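The values are calculated or read from the model by the stated rules, or taken from the named source; none is laboratory data. Quantities reported herein were computed from a predicted structural model and do not represent experimental measurements. Here the Cβ is made from the backbone with ideal geometry for all residues, glycine too, and neighbour counts use every protein chain on show.
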Amino acid sequence: MRPNFATTTVERDTGIAFVTLNRPERRNPLSLEAMRDVTATLRKLGGDDTVRVVVIGAAGPAFSAGHDLKEMIGRTLMEEQAIFDACVEMMQAVEGIGQPVIASVQGAALAAGCQLVASCDLVVASSNATFGTPGVKIGLFCSTPMVAVSRAIGRKRALQMLLTGQTIDADTAADWGLVNLVVPDEDLAAETRALAERITTASPLTVRIGKQAFYRQIDLPQDRAYDAMAETMATNAVNHDAQEGMQAFLEKRTPQWEGR
């Protein structure tokens, strides 16, 4: 599968879909076109039961420098609003599809690029990766990136990034909770694939239930979260794959998933 998009490419391999931002000569800007392309791609993949995991990566030395500033100068309020609405739509698509989405990050992930990383379910970063929300330096506070970044790393650290515009390195990003795994530059693709493959060994139905449940409960008060998740686990438990998995465990054999 290779959608006819100028800004992105998509390849599939054994249940993993690799979505690649493909404007390396400009550090993969998240232009209006690019964001719409990514959103359309994610929605298509989200409806495909053969896709178990989605990996978002980027061609070239940088992940993404963020919004395309050239298309944001001299625009009307309505035109600017369309850009940020498309950005929000893309981030919500990452969370909204049933498959886990892994960001595979090399080089700079800045502003909306950092927001995209923070919006992904898991993040593998090259040791040369850097992350930042530098909008304050050019008079455009990173307000939409703030939503995802602050939820990933907490208030104080997010405000440090937002108010100073300074970047953090991959190890700091991991320490702060923005990144799951930091690997040598040359191992980024292999380590990202290995993480994705570990996820594909689980029941695809169970993974979808789990991802959706995670985001439903995370911002609820604890008592409401427990109520919602008790119901979710009970519903999950009567599904075929859960019954098969528990029986296989007791019988010390490999489960046979059917996705139901």
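Of the residues making up region 2-11, at least one is part of a loop (DSSP other than H, G, I, E, B), exposed (fewer than 15 other Cβ atoms within 10 Å of the Cβ), at negative phi and without any contact (Cβ under 8 Å) to a residue 12 or more places away in the chain. Filtering region 69-80 for residues that are in contact with a Phe, Trp or Tyr (Cβ under 8 Å, 6 or more places away or on another chain) and touching a residue at least 12 places away in the same chain (Cβ under 8 Å) leaves an empty set. Residue check: Val55 meets all listed conditions (1) more than 16 Å from Asp121 (Cα to Cα); (2) touching a Lys or Arg at 6+ places or on another chain (Cβ under 9 Å); (3) surrounded by 15 or more Cβ atoms within 10 Å (Cβ to Cβ); (4) among the β-branched types (Val, Ile, Thr) but one, namely (1).
Residues checked against (1) in the same structural domain as Ala196 (by TED's automatic domain parsing); (2) in contact with a Lys or Arg (Cβ under 9 Å, 6 or more places away or on another chain); (3) surrounded by fewer than 21 Cβ atoms within 10 Å (Cβ to Cβ):
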site: Leu21; (1), (2), (3): yes, no, no
site: Pro24; (1), (2), (3): yes, no, yes
site: Leu32; (1), (2), (3): yes, no, yes
site: Lys44; (1), (2), (3): yes, no, yes
site: Gly60; (1), (2), (3): yes, yes, yes
site: Arg75; (1), (2), (3): yes, no, yes
site: Ile83; (1), (2), (3): yes, yes, yes
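When the residues of region 12-38 are narrowed to those that are within 18 Å of Pro61 (Cβ to Cβ) and assigned to a helix (DSSP H, G or I), which ends up farthest from the chain's Cα centre (by Cα)? Within region 12-38, the match that is farthest from the chain's Cα centre (by Cα) is Glu25. Here Leu205 passes the criteria (1) farther than 30 Å from Glu258 by Cβ; (2) touching a His at 6+ places or on another chain (Cβ under 9 Å) except the one numbered (1). Report whether or not Ala65 is at pLDDT 95 or above, in contact with a Leu (Cβ under 7 Å, 6 or more places away or on another chain) and in the same structural domain as Gly107 (by TED's automatic domain parsing). Yes; evaluated as a whole, the condition is true for this residue. The single condition among (1) more than 25 Å from Val88 (Cβ to Cβ); (2) in contact with a helix residue (DSSP H, G or I) (Cβ under 6 Å, 6 or more places away or on another chain) that Ser119 does not meet is (1).
Quick check on this structure: which one of Thr144, Thr200, Thr206, Thr164 is polar (S, T, N, Q) and in contact with a strand residue (DSSP E or B) (Cβ under 8 Å, 6 or more places away or on another chain)?
Thr200
Of the residues Ala158, Ala148, Ala170, the single one that is within 19 Å of Asp219 (Cα to Cα), crowded, with 20+ Cβ neighbours inside 10 Å and over 16 Å from the mean Cα position of the chain (by Cα) is Ala158.
Of the helices (runs of 4 or more DSSP H) lying entirely inside region 84-198, the ones with 1 or more residues being of a type in the set (Asp, Glu), touching a residue at least 40 places away in the same chain (Cβ under 8 Å) and over 17 Å from Val53 (Cβ atoms) are found at 170-176. Gly245 meets the conditions (1) buried (at least 16 other Cβ atoms within 10 Å of the Cβ); (2) closer than 26 Å to Ala93 by Cα in every case but one. The failed one is (2).
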